[in-house]
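Presented below is the structure to which this report refers.
The values are calculated or read from the model by the stated rules, or taken from the named source; none is laboratory data. Keep in mind the model is a prediction, meaning the values are calculated, not measured. Please note: Cβ atoms are built from the backbone with ideal geometry, for glycine as well, and neighbour counts cover all protein chains shown. We work out accessible area using only protein heavy atoms, side chains counted, and drop any ligands, DNA or RNA first. Shrake-Rupley method; radii C 1.70, N 1.55, O 1.52, S 1.80 Å.
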Amino acid sequence: MSISKKTAATAGAPSKANKPSLVVIGNGMAGMRTVEELLKLAPDLYDITVFGAEPHGNYNRILLSPLLAGDKSMDDIMLNTPEWYRQHGITLHAGDPVLSIDRHRRIVRSRAGVELRYDRLLLATGSKPFIIPVPGHQLPGVIAFRDIQDVETMLTAARNHRHAVVIGGGLLGLEAANGLMRQGMDVTVVHVMDSLMERQLDKSAAILLKKALEQKGLRFLLNAQTAEIVGTEQVTAVRFKDGSEIPADLVVMTAGVRPNIELAQQAGLHCERAIVVDDTLQTYDPRIYAVGECVQHRMATFGLVAPIWDQARVCGAHLAGAGHRRYVQQATATKLKVTGVDLYSAGDFIGSEGSEDLVLRDPRRGIYKRLVINGPHIVGAVLYGDVKDGPWYFEMIQSRTDISALRSQLLFGQALCAQAA
């Protein structure tokens, strides 16, 4: 790698005020939350530089669905504006992703040609949407649902077109479908499985969810395998393996994500499904840490915000030199962000040999509750229609509360259990 005289001087010289240099690759929620945790503990320790692929400050990706639905504005979802970076003395290279890491010389190089030396490097490269590689998947009008640009593309399509197809009936797909429907499009959700949100819901809850969403106007094709995206200059339809097809002016792929590890692999870091880290979020290179959807910790990868916040706290502490914390995986909870649909799932809702189910069904009121019990503990919960006790159940799952004395009242919620106690 050749370095210009100006860049070489910068790369070899000490950082501002002789501070060590921390370079963050990835300007998303995981990376910037880690920086915030670091600043709480050691606000003046590093000269911090952040490289981000998108031309924005850091925004709340979780709120892309309400942004699409029209419930939030761009200002509502911004977490760290350009002014925030300036106030904290952080150099931000927005819209300029890092293309290479030279670990021997400890230098990163960006697409715009910026070369910078690091003392510590934080990888927060996130994940990439999985685009099903069927014929036609590269046609204009076929997109993912991962960033602000995707939302803008969908909003433009909603103004000018009618038919939308969302491929993937998981959490993200249903939120995308709801948002597009709210924008006036006719939306069909295509799912290869026989029930929606199979990673978060049992089949009883999935049936109630499908019925509620159909009443709102969404259409569903389950057990449907996409064979081709039809079109010449623009997508016009989706064709399935049985030969049938449906019209489509817009196709949104929400069929999962893959950890974004290409940069780490090119740098020679140890990767399996993702970048392998230890309990301190350190990679096999002791100068390089990684957090978020790009990491693999004890064989697990991550897509929900709660575990990533935990990672940020631990990683921020170790970068600050206060390295007493260790990252421990915890049970996670999911809530669907669709107006008028109340859904909550936490922990192990499948159960195992020896576990028991406590189930409450009230079809007339549209309420379904299922608690998975293993010995004296709750290990999982699925709630539909009445979710107010979800956080309470989740707290008991995390703390492994002994529920033996509450078992007969447990399904009826915290208030009744408190009265009984």
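Here is a yes/no grid of residues against (1) of a type in the set (Lys, Arg); (2) part of a helix (DSSP H, G or I); (3) at pLDDT 95 or above:
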residue	(1), (2), (3)
Thr156	no, yes, yes
Ala164	no, no, yes
Val189	no, no, yes
Met197	no, no, no
Leu208	no, yes, no
Ala227	no, no, yes
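If only one of Pro66, Pro20, Pro43, Pro82 is open to solvent by 30 Å² or more (accessible area, probe 1.4 Å) and under 30 Å from Gly179 (Cβ atoms), which one is it? Break it down stepwise before answering.
Values: Pro66 fails: open to solvent by 30 Å² or more (accessible area, probe 1.4 Å); Pro20 fails: under 30 Å from Gly179 (Cβ atoms); Pro43 fails: under 30 Å from Gly179 (Cβ atoms).
So the residue among Pro66, Pro20, Pro43, Pro82 that is open to solvent by 30 Å² or more (accessible area, probe 1.4 Å) and under 30 Å from Gly179 (Cβ atoms) is Pro82.
If Ser204 satisfies all but one of (1) in contact with a helix residue (DSSP H, G or I) (Cβ under 9 Å, 6 or more places away or on another chain); (2) modelled with pLDDT under 95; (3) of a type outside the set (Asp, Glu), what's the number of the condition it fails?
Looking at each condition in turn, Ser204 falls short on (1).
Quick one: which residue in Val50, Val98 is closer than 30 Å to Lys337 by Cβ, surrounded by 16 or more Cβ atoms within 10 Å (Cβ to Cβ) and β-branched (Val, Ile, Thr)? Show your work before the answer.
Numbers: Val98 fails: closer than 30 Å to Lys337 by Cβ.
The conditions single out Val50.
Please give the number of the condition Tyr284 fails out of (1) open to solvent by less than 50 Å² (accessible area, probe 1.4 Å); (2) assigned to a loop (DSSP other than H, G, I, E, B); (3) without any contact (Cβ under 8 Å) to a residue 24 or more places away in the chain.
(1) is the only condition that Tyr284 fails.
Among the residues of the range 231-251, how many are crowded, with 24+ Cβ neighbours inside 10 Å and over 30 Å from the mean Cα position of the chain (by Cα)?
Applying the first criterion (crowded, with 24+ Cβ neighbours inside 10 Å) to the range 231-251 yields 235, 238, 248, 250-251.
Subset that is over 30 Å from the mean Cα position of the chain (by Cα): none.
Total satisfying the criteria: 0.
Name the strands (runs of 3 or more DSSP E) wholly inside the range 63-150 in which the number of residues that are charged (D, E, K, R) and within 26 Å of Gln265 (Cβ to Cβ) is 2 or more. It would help to see each step written out before you state the result.
On the way: elements: 78-80, 91-94, 98-102, 107-110, 115-117, 120-123, 127-129.
It comes to 115-117.
Just to be sure I understand the filter: pairs with C-beta atoms under 6 Å, separated by 6 or more residues or on different chains, first member in the range 313-339 and surrounded by fewer than 18 Cβ atoms within 10 Å (Cβ to Cβ), second member among the β-branched types (Val, Ile, Thr) and not in a loop (DSSP other than H, G, I, E, B). Which pairs pass?
Final answer for the pair search is Arg325/Val314; Ala331/Ile397.
Could you please give the count of residues in the range 252-279 that are surrounded by 16 or more Cβ atoms within 10 Å (Cβ to Cβ), under 21 Å from the mean Cα position of the chain (by Cα) and farther than 30 Å from Leu155 by Cβ?
Matching residues across the range 252-279 total 8.
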